[in-house]
Amino acid sequence: MANGWSLIVGLVFIVAFCGASWFLAPKGDDQTIWRSSLILSAAACYLMWAITFLAQWHPLVQPQRNDIRHLH
Amino acid sequence: MAPHKDTLFRSADMSLTQLYIANEIGREVVSALGELGVMDFRDLNAETTAFQRTFTQEIRRLDNVERQLRYFHSQMEKSDIAMRSIYDFNNILAAPSASEIDELTDRSQGLEARITGLNDSYETLKKREMELTEWRWVLREAGGFFDRARGQTEEIQQRTSEDNDDAPLLRDMEQHTEQAEQSFSVMNIGFVAGVIPRERMAAFERILWRTLRGNLYMNQSEIPEQIINPETNEGVNKNVFIIFAHGKEIIAKIRKISESLGADLYSVDENSELRRDQLHEVNTRLNDLASVLRNTKQTLDAELTQIGRSLAAWMVVVKKEKAVYETLNRFSYDQQRKTLIAEAWCPTSSLGLIKSTLQDVNDRAGLSVPTIVNQIRTSKTPPTYVKTNKFTLAFQTIIDAYGTAKYSEINPGLPTIVTFPFLFAVMFGDFGHGMLMTFAALAMIYWEKSLSRGKLDELFSMAFYGRYIMLMMGIFSMYTGLIYCDAFSKELPIFPSMWKWPEGAEEGQSVTAIRENGYTYPFGLDWMWHGTENDLLFSNSYKMKLSILMGWAHMTFSLCLSYVNARHFKSPIDIWGNFIPGMIFFQSIFGYLTWAIIYKWSVDWVSIDKNPPSLLNMLIYMFLQPGTLEDQLYSGQATLQIILVLLALVCVPIMLFLKPFYLRWEHNKARAMGYRGIGETTRVSALDDDDDDEESTTLNGGRDSYADDEDGVALITQDIGHGEEHEEFEFSEVMIHQVIHTIEFCLNCVSHTASYLRLWALSLAHQRLSIVLWDMTMKIAFGYSGAVGIVMIVVLFYLWFLLTIMVLCVMEGTSAMLHSLRLHWVEAMSKHFIGDGVAFEPFSFKVLLEEDPVE
């Protein structure tokens, strides 16, 4: 389901979102604010998600616990 | 260039305008402009003292009215009469006419006299009442003394007559025969009666005892009720005293002492009949006085209530009027043509609005002479004006608190709308806490209107001011909370986990989870990490790298803004000498580190059976021993690293020398072609001759800043062309500046990247703290069962919730906010912000009333 392609798919989605917010931002005095805020938010959120995804993509440590009571 | 809209991206385009206003409508024009609030008037009479200006008289008059209004206000406060709130007036911003002001002046004059009169008589009456009350007490209490003393006359007599020469010889006989009618006067004994504050009683007694060596008989009693002092309106505890003593001198001494100690003396008759009459009289007078007092008080209150109904509006009117005259004082006045001349900065986009407003004022006044608005070309740097709305205001305040942006440079306030709350959220990431914050912000926004009118305490008014920041912070915190998979420190199992516990593990045995094949948790951290033994091992490594990557992205973005700035100010040398070498330096070290982090993540080290290298060591060895590697990350790594280090090193001298030497070359070229700096040798332009030739031009209205040319249009403003804009080129200064810049930039690249690690530290602290809080409260509560369990859950839930709000949301939130603030001010803004602008301070009634509210 979720593998390395997710990053690309996510990026495409975010770029599309940024494009949409550039063109569909409400016209008027606040257009600049809408555009910049939406695009920056999308970029920041994507960055955060992508970093988290990458960190777990090829994990070097596995969860360990010793208080387990037959969870599965 | 087409006029573009004023946005938050850059400060608004400004124009210096000159206004020619007919003297008759000066007040109205300024008043109308004050309502608009878009003009920043320059002071054209800077050398004139406040007393010499044209409209000082008017301002003094208004000062007086203001003082009277304040007096009414203080009187109202004294008698607890509420003022009608300023928000109940609907047309509060309507400009007052001149006749209204005059009327108001007269009215407040009359009212002041009336209120003062009423007040004086009220206070006199009150004082009289106090005296009568005290007298009544003295009469009552003294009566008791006398009655008691009569029984003890003998004792007194004996005591006083022991060293008395003219005591009656046959006192025994007298005693027996005339006891009933015996009066103190027969014994030559006088007395003093009065009232003294209780706390002075001890001192009073002691002083009397010492000065009179015990030759007195004193009686005192406490007045059970407090005596109200009309001057201070405070109650004082007092005592009644009566002192008997022998001899006129002693009595006079006692009087003096008691008066000096603040006692009030009252005459009391020793005859009980007369005393009764006196008491009776005092009572009647007190009653009369009370009714008079009541009437006076009622009249006063009625008068004040009447004033209170419109006091707020008057205060606003006077405040505006005063501001108008203060502004008019900045104008210069042309005696011959009876016109006022003003210079003001205003946003170019508002020029149309200004012109139409002035036209309106003119039409209303029915004046044939129009008000002329002239745009002046000037080399002066315009003030920085960033138009904000209620959403952007608080974000812009963050930037303005650091410094005013240079005119038309990129305003960091625009990206701050997102980056500030986002970096906050990276530190504050918790879905639950973010939700609480969002709700709090939404509530404040919903009740915005009523909250903005009420009086708030300091902390809350700060939160209210930043309510939109809080909203953004809350929303982003919810997002980062989902990424960190934390909601009140508990996990959020949204998707199936990528880890699975092995079957058949025994209790107490350490087990390691097995990964589902080829599946990565799609959104955020896997919730399986919660409560594991080594979750810190994983999350620390993750959050540390996250901070570095976020910091790199933020700083690169900020550095790019400096490129846009250089383009805008048309200074290519800043691009070639600062931006490009700086960027290469930064990217070849930290850009490379970022790339290495991502590369390391994307390689499956387990399946290729290799040791993953430590990136920290890699970076350190890259500089200490270029070319040697501990563990290889990829092939050709050593060569690439050497190239990158060399690239970074090459950039340093470029940054150091290119710009200063280019500037020197440019300067020398200009001089070789015969250009001189303005004011360097001769005054070239007519713009500059006003200082030296001031005496010769006094005929033309002194320092007035205009002169008719043959064209009739050239209007020359005064002192334009002076100031810092034409500084002489000094190579050493430029060089020192550049050296500082270079050293700062290179060192800061390292320290600022490290500084972003605070994102990791703060988010770790926040997460740990919320886990500890949960374990100390709710986890204990869940350990009980039955009735005790229910009680425990309720009590501990309240404790947990309270601590969550106070510690985790308010305290931790404030600290995360301060760290985010620092990251913006220092780490990001140092990359591009010039910030030597002058703030635009328009003459605006709205601002005036916000700064000094009437309430």
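So for region A:8-28 (the condition being within 11 Å of chain B (Cβ to nearest Cβ), of a type in the set (A, V, I, L, M), out of contact with any Asp or Glu (no Cβ under 7 Å at 6 or more places or on another chain) and closer than 24 Å to B:ILE417 by Cβ), does at least one residue qualify? Full working, then the answer.
Taking region A:8-28 first, the residues within 11 Å of chain B (Cβ to nearest Cβ) are A:9-10, A:27-28.
Right, trim to of a type in the set (A, V, I, L, M) and you get A:9.
After this cut, where a residue has to be out of contact with any Asp or Glu (no Cβ under 7 Å at 6 or more places or on another chain) as well, the list is A:9.
So of that shortlist, the ones also closer than 24 Å to B:ILE417 by Cβ come out as none.
Checked against the condition, which is being within 11 Å of chain B (Cβ to nearest Cβ), of a type in the set (A, V, I, L, M), out of contact with any Asp or Glu (no Cβ under 7 Å at 6 or more places or on another chain) and closer than 24 Å to B:ILE417 by Cβ, region A:8-28 yields no hits at all.
Looking at B:LEU640, is it assigned to a loop (DSSP other than H, G, I, E, B), surrounded by 12 or more Cβ atoms within 10 Å (Cβ to Cβ) and either more than 14 Å from chain A (Cβ to nearest Cβ) or of a type outside the set (Gly, Ala, Ser) (or both)? Write out each step before concluding.
Details: assigned to a loop (DSSP other than H, G, I, E, B): no; surrounded by 12 or more Cβ atoms within 10 Å (Cβ to Cβ): yes; either more than 14 Å from chain A (Cβ to nearest Cβ) or of a type outside the set (Gly, Ala, Ser) (or both): yes.
Here the answer is no, as B:LEU640 does not meet what is asked.
Here is a list: B:LEU649, B:LEU658. Which entry is surrounded by 15 or more Cβ atoms within 10 Å (Cβ to Cβ), assigned to a helix (DSSP H, G or I) and modelled with pLDDT of 90 or more?
Numbers: B:LEU649 fails: surrounded by 15 or more Cβ atoms within 10 Å (Cβ to Cβ).
Of B:LEU649, B:LEU658, the one residue that is surrounded by 15 or more Cβ atoms within 10 Å (Cβ to Cβ), assigned to a helix (DSSP H, G or I) and modelled with pLDDT of 90 or more is B:LEU658.
Could you tell me whether B:ASP172 is assigned by TED's automatic domain parsing to the domain that holds B:ASP269, exposed (fewer than 12 other Cβ atoms within 10 Å of the Cβ) and modelled with pLDDT under 85?
Values: assigned by TED's automatic domain parsing to the domain that holds B:ASP269: no; exposed (fewer than 12 other Cβ atoms within 10 Å of the Cβ): yes; modelled with pLDDT under 85: yes.
Against the criterion (assigned by TED's automatic domain parsing to the domain that holds B:ASP269, exposed (fewer than 12 other Cβ atoms within 10 Å of the Cβ) and modelled with pLDDT under 85), B:ASP172 does not qualify.
Could you list, in sequence order, the residues of region B:489-543 that are under 55 Å from the mean Cα position of the chain (by Cα), of a type in the set (Asp, Glu) and more than 19 Å from B:ASP430 (Cα to Cα)?
B:GLU533
How many residues are at pLDDT below 90 and more than 8 Å from every other protein chain (Cβ to nearest Cβ) if we restrict to region B:505-527?
So the count comes out to 3.
Residue under question is B:SER602, and the condition is that it be touching a residue at least 12 places away in the same chain (Cβ under 8 Å), within 14 Å of chain A (Cβ to nearest Cβ) and of a type in the set (Gly, Ala, Ser); does it hold? If you could, list the steps in order and put the result at the bottom.
Working: touching a residue at least 12 places away in the same chain (Cβ under 8 Å): no; within 14 Å of chain A (Cβ to nearest Cβ): yes; of a type in the set (Gly, Ala, Ser): yes.
Criteria not met by B:SER602.
State all residues of region B:772-811 that are hydroxyl-bearing (Ser, Thr, Tyr), out of contact with any helix residue (DSSP H, G or I) (no Cβ under 7 Å at 6 or more places or on another chain) and not in a helix (DSSP H, G or I); if no residue qualifies, say none.
The one that is hydroxyl-bearing (Ser, Thr, Tyr), out of contact with any helix residue (DSSP H, G or I) (no Cβ under 7 Å at 6 or more places or on another chain) and not in a helix (DSSP H, G or I): B:SER785.
Name the single residue that is surrounded by the most Cβ atoms within 10 Å (Cβ to Cβ) among those in region B:456-473 being away from chain A (no Cβ under 14 Å) and in contact (Cβ under 8 Å) with a residue 24 or more places away in the chain.
Restricting attention to region B:456-473, the residues satisfying the condition of being away from chain A (no Cβ under 14 Å) are B:456-467, B:470.
Narrowing the set further to residues that are in contact (Cβ under 8 Å) with a residue 24 or more places away in the chain leaves B:465-467, B:470.
Working: B:TYR465: 16, B:GLY466: 20, B:ARG467: 20, B:MET470: 25.
Per the stated criteria, the residue is B:MET470.
Kindly indicate whether B:ILE81 is in contact with a Gly (Cβ under 8 Å, 6 or more places away or on another chain) and surrounded by 15 or more Cβ atoms within 10 Å (Cβ to Cβ). Give the steps one after another, and end with the answer.
Working: in contact with a Gly (Cβ under 8 Å, 6 or more places away or on another chain): yes; surrounded by 15 or more Cβ atoms within 10 Å (Cβ to Cβ): yes.
Judged against the criteria, B:ILE81 is a match.
Please find, among A:ALA50, A:ALA55, A:ALA44, the residue that is in a helix (DSSP H, G or I), at the interface with chain B (Cβ under 7 Å from one of its Cβ atoms), under 27 Å from B:ILE514 (Cβ atoms) and aliphatic (A, V, I, L, M).
A:ALA55
Considering only region B:485-504, state which residues are within 7 Å of another protein chain (Cβ to nearest Cβ) and in contact with a helix residue (DSSP H, G or I) (Cβ under 6 Å, 6 or more places away or on another chain).
Passing the criteria: only B:TRP499.
Got at least one residue in region B:3-17 being in contact (Cβ under 8 Å) with a residue 60 or more places away in the chain, within 14 Å of chain A (Cβ to nearest Cβ), surrounded by 20 or more Cβ atoms within 10 Å (Cβ to Cβ) and assigned to a strand (DSSP E or B)?
Taking every residue of region B:3-17 in turn, at least one turns out to be in contact (Cβ under 8 Å) with a residue 60 or more places away in the chain, within 14 Å of chain A (Cβ to nearest Cβ), surrounded by 20 or more Cβ atoms within 10 Å (Cβ to Cβ) and assigned to a strand (DSSP E or B).
If a residue must be crowded, with 19+ Cβ neighbours inside 10 Å, within 25 Å of B:HIS554 (Cβ to Cβ) and either in contact with an Asp or Glu (Cβ under 7 Å, 6 or more places away or on another chain) or among the hydroxyl-bearing types (Ser, Thr, Tyr) (or both), how many such residues does region B:754-783 contain? Lay out the reasoning, then the answer.
Here is the first cut: in region B:754-783, the residues crowded, with 19+ Cβ neighbours inside 10 Å are B:756, B:758-760, B:762-763, B:766-767, B:770, B:773, B:777-778, B:781.
Checking the rest, the ones that are also within 25 Å of B:HIS554 (Cβ to Cβ) come to B:756, B:758-760, B:762-763, B:766-767.
With the extra rule that they be either in contact with an Asp or Glu (Cβ under 7 Å, 6 or more places away or on another chain) or among the hydroxyl-bearing types (Ser, Thr, Tyr) (or both), the set shrinks to B:756, B:763, B:766-767.
Qualifying residue count, region B:754-783: 4.
Take region B:465-483 and flag every residue that is of a type in the set (Phe, Trp, Tyr) and either at pLDDT 95 or above or not assigned by TED's automatic domain parsing to the domain that holds B:LYS449 (or both). Before you say what the answer is, go through the steps one by one.
Kept after step one, since they are of a type in the set (Phe, Trp, Tyr), are these residues of region B:465-483: B:465, B:468, B:476, B:479.
Passing the criteria: B:TYR468, B:PHE476, B:TYR479.
Surrounded by 15 or more Cβ atoms within 10 Å (Cβ to Cβ) and at pLDDT 50 or above, is that true of B:PHE623? First the steps, then the outcome.
Details: surrounded by 15 or more Cβ atoms within 10 Å (Cβ to Cβ): no; at pLDDT 50 or above: yes.
When the stated conditions are applied, B:PHE623 does not pass them.
Mind listing just one residue for me: the one in region B:661-679 that is in a helix (DSSP H, G or I) and among the charged types (D, E, K, R) and, of those, modelled with the lowest pLDDT? Show your work before the answer.
Just the residues of region B:661-679 that are in a helix (DSSP H, G or I), to begin with: B:661-672.
Now narrow it down to the ones that are among the charged types (D, E, K, R): B:664, B:666, B:669, B:671.
Working: B:ARG664: 93, B:GLU666: 91, B:LYS669: 91, B:ARG671: 87.
Here the residue is B:ARG671.
Would you point out which residue out of B:THR697, B:THR628, B:THR682 is modelled with pLDDT under 85, loosely packed, with under 12 Cβ neighbours inside 10 Å, outside the structural domain of B:CYS746 (by TED's automatic domain parsing) and not aromatic (Phe, Trp, Tyr)? Talk me through it step by step, then tell me what you get.
Numbers: B:THR697 fails: loosely packed, with under 12 Cβ neighbours inside 10 Å; B:THR628 fails: outside the structural domain of B:CYS746 (by TED's automatic domain parsing).
Only one candidate qualifies: B:THR682.
Mind telling me which of the residues B:ARG84, B:ARG114, B:ARG60 ends up being of a type in the set (Lys, Arg), within 30 Å of B:TYR333 (Cα to Cα) and either assigned to a helix (DSSP H, G or I) or in contact (Cβ under 8 Å) with a residue 24 or more places away in the chain (or both)?
On the way: B:ARG84 fails: within 30 Å of B:TYR333 (Cα to Cα); B:ARG114 fails: within 30 Å of B:TYR333 (Cα to Cα).
Going through B:ARG84, B:ARG114, B:ARG60 in turn, just one is of a type in the set (Lys, Arg), within 30 Å of B:TYR333 (Cα to Cα) and either assigned to a helix (DSSP H, G or I) or in contact (Cβ under 8 Å) with a residue 24 or more places away in the chain (or both): B:ARG60.
Would you point out the residue of region B:18-37, among those that are surrounded by fewer than 23 Cβ atoms within 10 Å (Cβ to Cβ) and outside any helix (DSSP H, G or I), that is farthest from the chain's Cα centre (by Cα)?
B:ALA22
When B:ALA463 is evaluated against the numbered criteria (1) more than 23 Å from B:GLU812 (Cβ to Cβ); (2) within 45 Å of the chain's Cα centre (by Cα), which criterion, by number, is the only one it fails?
(1)
Quickly run through region B:529-582 and pick out the residues that are facing chain A (nearest Cβ under 10 Å), touching an Asp or Glu at 6+ places or on another chain (Cβ under 9 Å) and assigned to a helix (DSSP H, G or I).
Those that are facing chain A (nearest Cβ under 10 Å), touching an Asp or Glu at 6+ places or on another chain (Cβ under 9 Å) and assigned to a helix (DSSP H, G or I): B:TRP529, B:HIS554.
Anything in region B:376-416 that is away from chain A (no Cβ under 12 Å), closer than 12 Å to B:ALA839 by Cβ and touching a strand residue (DSSP E or B) at 6+ places or on another chain (Cβ under 9 Å)? List them, or say none.
B:PRO382, B:PRO383, B:THR384, B:TYR385, B:ASP400, B:THR404, B:ALA405, B:LYS406, B:TYR407
Return the pair list, or none, for Cβ contacts closer than 6 Å from residues in region B:519-533 that are closer than 14 Å to B:ILE494 by Cα to residues that are outside any loop (DSSP other than H, G, I, E, B) and among the hydroxyl-bearing types (Ser, Thr, Tyr), at least 6 apart or on different chains.
B:GLY524/A:THR52; B:LEU525/B:TYR484
Just a yes or no: is a residue in region B:474-483 among the aliphatic types (A, V, I, L, M) and more than 12 Å from every other protein chain (Cβ to nearest Cβ)? Spell out how you get there, then give the answer.
Within region B:474-483, the subset among the aliphatic types (A, V, I, L, M) is B:475, B:478, B:482-483.
When the remaining residues are screened for being more than 12 Å from every other protein chain (Cβ to nearest Cβ), the result is none.
No: region B:474-483 contains no residue that is among the aliphatic types (A, V, I, L, M) and more than 12 Å from every other protein chain (Cβ to nearest Cβ).
Looking at region A:29-41 only, could you name the residues that are more than 9 Å from chain B (Cβ to nearest Cβ) and β-branched (Val, Ile, Thr)?
None - no residue of region A:29-41 is more than 9 Å from chain B (Cβ to nearest Cβ) and β-branched (Val, Ile, Thr), so the list stays empty.
The values are calculated or read from the model by the stated rules, or taken from the named source; none is laboratory data. It should be emphasised that the depicted structure is a prediction, and the values quoted were computed from it without experimental measurement. Cβ: placed from backbone, ideal geometry, glycine included. Neighbour counts: every protein chain shown.
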